[in-house]
1. So the label point goes 7 Å from the Cα of Asp166 along Cα→C-beta, right? Which residues of the stretch 70-107 then have their backbone N under 20 Å from it?
2. Classify the stretch 101-172 from the C-alpha gyration tensor, please: rounded if a/c falls under 1.5, else prolate or oblate depending on whether a/b exceeds b/c.
3. Provide the net charge surrounding Lys115, with neighbours chosen by a C-beta distance below 14 Å and charges set as Lys +1, Arg +1, Asp -1, Glu -1.
4. Can you tell me the length gained on complete extension of the stretch Asp77 to Asp116, counting 0.36 nm per residue apart and subtracting the Cα distance?
Amino acid sequence: MKIGKKGFLLLTALLCAFIWAGCVDGQDASSDQSTSEESPPQTAVEKNQGKIQIGDNGNMEIEIYAGGQTFASVLFDSPAARALAEQLPITVNMQELNGNEKFYDLPNALPTDTKDIDSIHAGDLMLYGSDCLVLFYKDFQTTYRYTKLGRVEDAAGLEKALGVGDVQVTFR
C-alpha cells in the first residue's frame, strides 16, 4: 500500500498527538497528589536515613555532637543541605581555623549557591567552596562567600564543646 505525502503527514501528526496525550496524562496523574490516597513520595533524605525530621518550613532537623554535648540544629531546604543530609550520619575530625571556626574537607563536592554573607554568627554551618564544611563558633564580620547549609539552634556552649584545636564532630 502506497501512502502519499498528505497521508504520511496525517499519520505523523496522529502519532505525535498520541505521544503528547500520553505524556500529559502521565504528568497529571503523578503531579496531582491531592486526590491520591497514597502517602507522598519520600525525599532522598528520608529514604536513606529515616531519622531526619523535616520541619514545616522544609528545614531538616539534625543533631551536632561535639565535646560531650548535643546541639539541636537544622539544615536549610537547599540542594547543598540535602546533599549533605544524604551523607548523614557522619563523624569527622574538624580542624581549627582562625580561632572562630572548625572545618572539614568533604570527600565529595556539594552543590553551591555562594553568597556574600557579611556577618557570621556562632552556630552557622556553611560550605566554603564546594567541599569545605565549616562550623562557626564565634560571631564576626567577613568578606568571604559561603553557601549556607544550616545552623545550630542554640549555640550557647558550642565554643566550649568544640574546644581548642582539632575536634571530632558527629552530624546525625
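Every number in this text was worked out from the coordinates using simple rules, so none of it is lab data. Worth saying up front: this structure is predicted, and the values here are computed from it rather than measured. Every residue, glycine among them, receives a Cβ derived from its backbone with ideal geometry; neighbour counts consider all protein chains shown.
1. Within reach of a label on Asp166: 90-107.
2. Cα axes put the stretch 101-172 in the oblate bin.
3. -2
4. 12.2 nm
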